[in-house]
1. Considering the Cα positions of the range B:24-253, please state its Rg to one decimal place and its Dmax as a whole number of Å.
2. Can you tell me the length gained on complete extension of the stretch residue A:582 to residue A:213, counting 0.36 nm per residue apart and subtracting the Cα distance?
3. At a Förster distance of 30 Å, what's the computed FRET efficiency of residue B:59 paired with residue B:82, Cβ-Cβ distance as r, to 0.05?
4. Averaged over all directions, how much area does the convex hull of the C-alpha atoms of the range A:395-463 cover when projected, in nm²?
5. For the modelled label position 7 Å from the Cα of residue A:680 along Cα-to-Cβ, which residues of the range A:571-595 have backbone nitrogen atoms closer than 15 Å?
6. Given the C-alpha centroids of the range A:125-188 and the range A:556-576, what is the distance between them in whole angstrom?
7. Residue A:427 to residue A:481: FRET efficiency via 1/(1 + (r/R0)^6), r the Cβ-Cβ distance, R0 22 Å, to the nearest 0.05?
8. Rounded to the nearest 500, what is the 222 nm mean residue ellipticity of chain A from helices alone, with -39500 (n - 2.57) per DSSP H run of 4+ residues and division by all residues?
Ligand SMILES: [Cu+2]
């Protein structure tokens, strides 16, 4: 296989050069104060005439709107005060929306962030090497849950990118008041805060609508929304729909040869033939997100209730052995159990949310309260291009009730105390109906997890002190009690499954964890140009239900349990202990006084995890499974020790500003992370290799044009226990241009301009074609490739 | 004198046995297809056949085929025999069908592989896989090409349409002797006996609603098979691949002239021993 990508050495050199440039820039700016002042003056004088012609803020932000400034500012005081929080603003997000329909993908480019590939709209977020459930992912303040054994319901799939107004990423040392039960910090994705008519205005009526198209995969979608508001009431509705065919890599040749693809023309029993460059099972359709919000404001109090639903007809998962797709018993069939047929037009996934929140300002401080309810129905089977004659209906159902109460008390000018509690009550079932003729799938429901329960109650106290204008500290402690339980296991039949089921059922399933977290953070503001931060935290995460309860070592059943996309099968472990991470992190932030001309930020971190949930080879699954290095294997979760460390570097510099030609700004982000299992000496799975993004942006009036180079080193540190596959390094060129004025925004872009072929370092195993129900049906060793060139267009209008 | 007698007797016996081998013999065979997903159980054909090493013809092939998806997680134990320690279901294959046209040749000699491939079916005809998109309906390649889907698909109910056939295709090397033959194949590296790599089985039995085991059909329309990806482009539907084969002589059926020679040899030996005893 000849992969036309930048050689590793070349990409390493490029990265090294960029690091050197950034550091040099930092040193220069920090030491040469004199020069800088002059610089700034020059810049200021250049800047002055430009200010008026600067792209106006989007119209929505400058209308006569009374935002709830007093409440917002107070409530988010702590979060805003720490630069480890990377906020993705509306502008950042708007530019990315034309590129993706996956909210998780919006995190690409945030220092320290990366994404595990999954379905087209269901990527899983990673921060500093910690992914998925190791992060606390919230949508509009709700700590939502997944239900599927493949984590197809990425929490961020519950909100569409077009509805996202703001993303707050607080990596690593997040204050305890932001939540527990995570190791790597909090990602809070927020839709637009409600707006109200200004005093004296009767009404506020606003709307927006948009359409996008991306050539690769023929991805398309539209969105529509409106706001009706008076002085005290706001009604908002937003709707987004999207769909896509299979995306394609720049070239073919990355699939192993052979008849396993089961898609020979004329022989594939009517299943669609997947072209050589196409990524099978990467399509999705009928994705629809709707959100209805009603808000009331009474002086200093804001009440908000949101009803939202995410649904989806089908979504392929090229690195999983199943897809989200509806299948139903064949109505003409008289067999019991019945045979199944696939129905692409029926929703296979419906997630319904009710979110009630209150935010109030009092003399003593502020109060936040929230209660939410999540109802999730999810069905899986196989998209037919995998294997036309094979079915495996799988159902999951989950409900989560959660909420929090948080008081922020202003003890003095210096001290603020935050006290609060949050809870989550999660109930789920994961069962697979029997089907006709299925030797391995007859004749009862297979209960992967029956009556799964995971309840969590947290209590926290946090003290923030502003000792003087230079020093600020936060110290917090929290306790979480996590109680998990599951009912008896049951196989399809009493033959192959009985032994494992008996072993599981003989054990006690109830597990209660008492977790203690604490965080200490301090910030020193030397002057307007220099800020330093350091933090130390202990964070604890209890296992999720799919790490503890799946019980079958039978390969087909185990292969259904996998949420990392490595192609392997997983067996749960009842005796898993919670993971405990100790993280030390430090940040240097150098910038000009207004943070407009230049800035350099570097964050370094070390995380030591006790009882890190890694995997070992299944002991009872045969001798080959224990030692093979070139096959998919069956694994069992196990507590080991782990260590992660890394550095994020980011910087920007205004390169020049000219009356007639606009301004030029250079941006750079570099991420480096390493992860080791210190018990076995193995590498941790899916650790993003050294990578960087460097862009040059030109702004003139409402125009912004950006050229970006994304460069990624080869992934050579791979998890041996999982037979993870190395990937070569690569560099991509992306171009984009946007024009924004009062009533509209137009985005045009080309991703992967040079149509380079590359493999995604966090793409996982390609099992999107052929017989995925067995360890060897799809040949081992293929990695999910990245997209070939795509021309993206998006239009949004506001009225 | 007695020494001469003894030596000539042994020689005649050996010659007799050798002549007997150059003839038709009955053999026992155990062919194992490795099943990574149902370990420790494998798909195993245990049977017998008659072999003529001059014509390379394989006849009277029959035996039992294990269903590795059935039973408890206990391996077949050769020492205790079928259902000795294992409790897998074993399917009886008794029909070594006569060859028909080019696409219905079930037993044939392959000079390149240096052996004979022979197939025995459960049913009295070969129809096993769907012919919806063409194909001969039974050969390992046809099975791979349709992803192991049953004959009759997509008609319902499956229980009536699916002929529920099963077969085992084994390989008998030309150089088979009374000492037997042991072959192995390593699918990971593609090394070993290429003849064995050509062997395959398919099993489409189903017992609808039995509540017990029901090992033939796998997932809906797909049955259990084993094939080598090196030969057919894909492994079996549950990743089954050719693994090993042991052939041992059951009973030798020598031709008349060999009998005579052998008897003469035995006679001479008897004479020699008598004389030995006498001389003591
Ligand atoms: Cu799922």
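1. That works out to 16.5, 50 Å for Rg and Dmax.
2. On the way: separation 369, 0.36 × 369 = 132.84 nm, distance 4.43 nm.
Difference between extended and current length: 128.4 nm.
3. On the way: r = 23 Å, r/R0 = 0.77.
For residue B:59 and residue B:82, the calculated efficiency is 0.85.
4. Details: hull surface 23.5 nm².
The number I arrive at for the range A:395-463 is 5.9 nm².
5. Hits in the range A:571-595 for residue A:680 at 15 Å: A:571-573.
6. Cα centres, the range A:125-188 to the range A:556-576: 22 Å.
7. 0.80
8. Numbers: 10 runs with 91 residues, N = 799.
Calculated at 222 nm, the ellipticity per residue is -3000 deg cm²/dmol.
No value in this document is a laboratory result; all are computed from the given coordinates. Keep in mind that what you see is a predicted model, and the values were worked out from it rather than measured. Virtual Cβ from ideal backbone geometry, glycine too; neighbours counted across all protein chains shown.
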